[in-house]
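First up is the structure itself, then whatever we jot down about it.
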Amino acid sequence: MQLPIFETAKVKTGKNMLNETFVERITVIELPVENFVKKNEMVLSTGIGCEDDPILLKQFVKDVIDSGASVLAFSIGRYIHRIPEQVIQLAKYHDFIIVEIPWETRFGDILEIVLHKINEEKKGERQQGEVVRQELINCVLHGKGLQDIANAIYKYCQIPVAITDHSRIIRASCHFDHKILKIFYGDGRGQMQQIPQTHILFNEHPLYHYIEEYRIEGQMYLYLSILNNEKKQGSLFFQLKDRGQLTTFVMTVFDHALTACALYFVKENAVEMTEIRLKENFILSLAKNNTEVNDRLISKAQLLGYDLRRPYICILGEAQEKKDDISSMPSLQSMNYYVQKEITSAGKLLHRRTMTTFEEGEFIIFLEADHHPYMETANQFLDIIERRLYDLLSGVVLSWGIATHKDGQYVFHESYQEAKTALDIGKKQKGLGERTFFSDTKINRLLMAISNEDEIANIVKDTLQPLIEYDRKRQTDLLYTFMIYNKYKGNVSQTARALNLHRQSLLHRLRNIESLTQLSLVNSDDLFLLELSVRLWMLKKI
């Protein structure tokens, strides 16, 4: 109203509101108003169509007031010569500004001047908004944290703010009451009510559709989700005294803050993923390469949070789907996540350090060992892991191989090889879902060593070939029958019960074994040859 073009204008109502009322746009309108007038708009009108109808004019003014307009300026002298008293009283009741403009003042001139003024102010806001945007982005690019972002938001808006991550942990705040977040997340007691979005101002701002408003303990709070590729990274909270604090500039600051926080979490996640990959590759190299553990490698390990100077035992795990539950087999990524989480939790529970890596369904774990019996330590550790994993990964069966405990240090590759051997032997001898200690595989390792000799292989083939062919053609189980018979040290009754056979049927099978192999089951040398051949054949079978 201080612009020169309004020198001859008269403010009829709402003089006390001039310093508190914003004008963001200007328009010319006559009857009807409908939805053509927007919030914070200056309305110019000649009152045409209402000149002889004060009631219609009053309704016109009421519609303009209800639209949220800032001011209504009537051009006086052609259609309206005087604003009726009832219209004046209506405007006073609503603290609404009505201005009289002489007929000689052209609307075109008013539009040009007011729009120029609005554009100048918006240009200043845009420039200030760019300053805010640059400062917030620099907080991320220059290695600062979320607290710096929160401080910058408060500096420009004077609005208390809090930033939480996807785990609902408060990562930064500025003049914000943390008790409110406990109520919001359901961890504290208090009154909370969500306000319908239609009540939120600035419905044309791009941020409008992402804002949620809450009334918590009588205070007004705004909530914004921090998203990246539609995945929630965290949340922004703002505490407002009233809606009057929300201006276009403040909304712009909120928008830039949301972008800066999303960028920060992307950077943080990228750093974490890089660190995880570095750790996993380091442990994988330690296990699979016979690398000398020198001071340089120890220092590198310390940078990754590992202490190679402590004694460790290697535990090798393998996950496979259950034959009857293939549909519930999780993805490799999710399975690795759950296993890693339980390994870390079990290590903390036992107060032992762990070093872990994954490779195609295989889990390599180095568990800190001490003077306690290492078998007991390993079993206790695996008990804790499996107790949770069998609930989380119901479609998975886990097999484990455990190396022996070394009195010396720096034997990571050797320990891994032992665990690998124990796992392979355990799967062949016991099947899936078992734990096998390397120290319990001596006889099998001996058999594996001699099975590589060609002459031994020929003897095994000549001894068992007739039985294998007979079982294949007749669909019988003579080999398995002998294994059970040998397990019970030649006791016919116990063997028959174990195989669920009649005694005479078992004796018939035993005579077939002797006939096909030309070996006697009562001759100790023949029995030893047959048992050795079966053991060697079982090791090679899979």
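Data overview
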read-out: The range 288-311, residues that are under 23 Å from residue 361 (Cβ atoms) and surrounded by 14 or more Cβ atoms within 10 Å (Cβ to Cβ); value: 288
read-out: Residue satisfying condition, being part of a helix (DSSP H, G or I), on the phi < 0 side of the Ramachandran plot and free of Cβ contacts under 8 Å to residues at least 24 places away in the same chain, within set 473, 420; value: 473
read-out: Verdict on residue 100 being touching a Lys or Arg at 6+ places or on another chain (Cβ under 6 Å), modelled with pLDDT of 90 or more and within 30 Å of residue 60 (Cβ to Cβ); value: yes
read-out: Positions within the range 498-538 being open to solvent by less than 50 Å² (accessible area, probe 1.4 Å) and in a loop (DSSP other than H, G, I, E, B), in sequence order; value: 501, 519, 520, 521
read-out: Number of the condition not met by residue 75 [criteria: (1) under 19 Å from residue 16 (Cα atoms); (2) open to solvent by less than 10 Å² (accessible area, probe 1.4 Å)]; value: (1)
read-out: Qualifying residue in the range 440-461 (condition: of a type in the set (Ser, Thr, Tyr) and out of contact with any strand residue (DSSP E or B) (no Cβ under 8 Å at 6 or more places or on another chain)); value: yes
read-out: From 441, 404, residue being open to solvent by 10 Å² or more (accessible area, probe 1.4 Å), hydroxyl-bearing (Ser, Thr, Tyr) and modelled with pLDDT of 75 or more; value: 404
read-out: Strands (runs of 3 or more DSSP E) wholly inside the range 78-192 containing at least 2 residues that are open to solvent by 20 Å² or more (accessible area, probe 1.4 Å); value: 97-102, 170-174
read-out: Close pairs (8 angstrom Cβ cut-off, 6 or more residues apart or separate chains): surrounded by 14 or more Cβ atoms within 10 Å (Cβ to Cβ) in the range 373-385, of a type in the set (Phe, Trp, Tyr) anywhere; value: 375/437; 378/437; 382/400
read-out: Pair list, Cβ under 7 Å, 6 or more apart: the range 143-170 residue of a type outside the set (A, V, I, L, M), other residue open to solvent by 70 Å² or more (accessible area, probe 1.4 Å); value: 154/175; 160/175; 164/171; 165/171; 166/232
read-out: Candidates 88, 97, 55 - the one that is of a type in the set (A, V, I, L, M) and touching a Leu at 6+ places or on another chain (Cβ under 9 Å); value: 97
read-out: Among the residues listed as 235, 225, the single one being more than 30 Å from residue 67 (Cβ to Cβ) and open to solvent by 20 Å² or more (accessible area, probe 1.4 Å); value: 225
read-out: Residue among 430, 461 that is modelled with pLDDT of 80 or more, among the basic types (Lys, Arg) and open to solvent by 80 Å² or more (accessible area, probe 1.4 Å); value: 461
read-out: Test for residue 285: is it polar (S, T, N, Q) and crowded, with 18+ Cβ neighbours inside 10 Å; value: no
read-out: Subset of the range 67-92 [at pLDDT below 95 and among the aromatic types (Phe, Trp, Tyr)]; value: 79
read-out: When residues of the range 3-14 are limited to those that are within 18 Å of residue 43 (Cβ to Cβ) and outside any loop (DSSP other than H, G, I, E, B), the one most open to solvent (accessible area, probe 1.4 Å); value: 10
read-out: Within the range 15-49, considering residues that are small (Gly, Ala, Ser) and at positive phi, the one least open to solvent (accessible area, probe 1.4 Å); value: 47
read-out: Every residue from the range 226-251 that is within 26 Å of residue 269 (Cα to Cα) and not aromatic (Phe, Trp, Tyr); value: 226, 227, 228, 229, 230, 231, 232, 233, 234, 235, 236
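The values are calculated or read from the model by the stated rules, or taken from the named source; none is laboratory data. Because the structure is a prediction, the values reported are computed rather than measured. Using ideal geometry, Cβ is built from the backbone for each residue, glycine included, and neighbour counts are taken over all protein chains shown. Heavy atoms of the whole protein, side chains included, go into the accessibility calculation; ligands, DNA and RNA do not. Shrake-Rupley method; radii C 1.70, N 1.55, O 1.52, S 1.80 Å.
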